[in-house]
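> I have a structure I would like to understand better, so I am pasting it below and will then ask my questions one at a time.
Any read-out appearing in this document is the output of simple, stated calculations on the displayed coordinates, not a laboratory observation. This is a predicted model, so every value here is computed, not measured.
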Amino acid sequence: FLMALAGGGYWLWKNYRPQQAASPKPSPSPDTQIELRFYDVEIRGRKEGTPFWVIKAGLVEVDRNYRMFYFKKKPHGFFENLKNWEEEQPQDKKRRRKITWEAQSAEYNKDSEQLIMKEKVKIVTDDKDVITTDELIWDKLTETLITEKRAKVLTSKKTYIEADKVKVLTKDKDLYLEGKVYIETDVGQDKSISLE
């Protein structure tokens, strides 16, 4: 009996935790991967001294390695002073282009120099070309727009395009479409479509 009493006492001492009637809930632990957090931010970037891009967001988080930037609360922005990919003109008459964008969230990878726009992405050029999709990547090194989600494109020349994957090489003025593709256009002398 004495052994049972001693064993029961030891078990109570080891496992019993007194309950507090009104103990406060512990505060949520911070995300250990996030180093910095900013609210209502506007970030501006330059390319060779010329204004090149602006990103605005209600919340920006930066990871501990300062490699990933997370833009939240409906980020939006624009790229400006882009080369005019529509026409070749003398240097003094060249028009600089502008693209605006918006999304539900976005990420920027400093190492790969890619801006990844996510959910309800909308791109509008100054000529009113419009691209909508659920994820779009801007690759700064190759100046390429890429999406592997179904995308819709309406050009300023009233051509309507849908495709499962889209790649736009802005330097070369090339548009690549993959998967199930739908194109509605008036084919004339200034338009051509090649299929592979």
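> Between residue 109 and residue 66, what length in nm is gained on full extension when 0.36 nm per residue of separation is reduced by their alpha carbon distance?
Length gained, residue 109 through residue 66: 14.6 nm.
> Under a 5 Å amide H to amide H cut-off, with H placed in plane at 1.01 Å, what residues pair with residue 105 once short-range neighbours are removed?
For residue 105, the qualifying residues are 118.
> Hey, another quick one. Going through the cross-link list 74/180; 73/158; 158/180; 120/157; 73/173; 110/158, which pairs have a Cα-Cα distance over 28 Å in this structure?
Result: 74/180; 73/158; 73/173; 110/158 exceed 28 Å.
> How far, in nm, would the chain grow between residue 37 and residue 100 when pulled straight, counting 0.36 nm per residue and subtracting the alpha carbon separation?
20.2 nm
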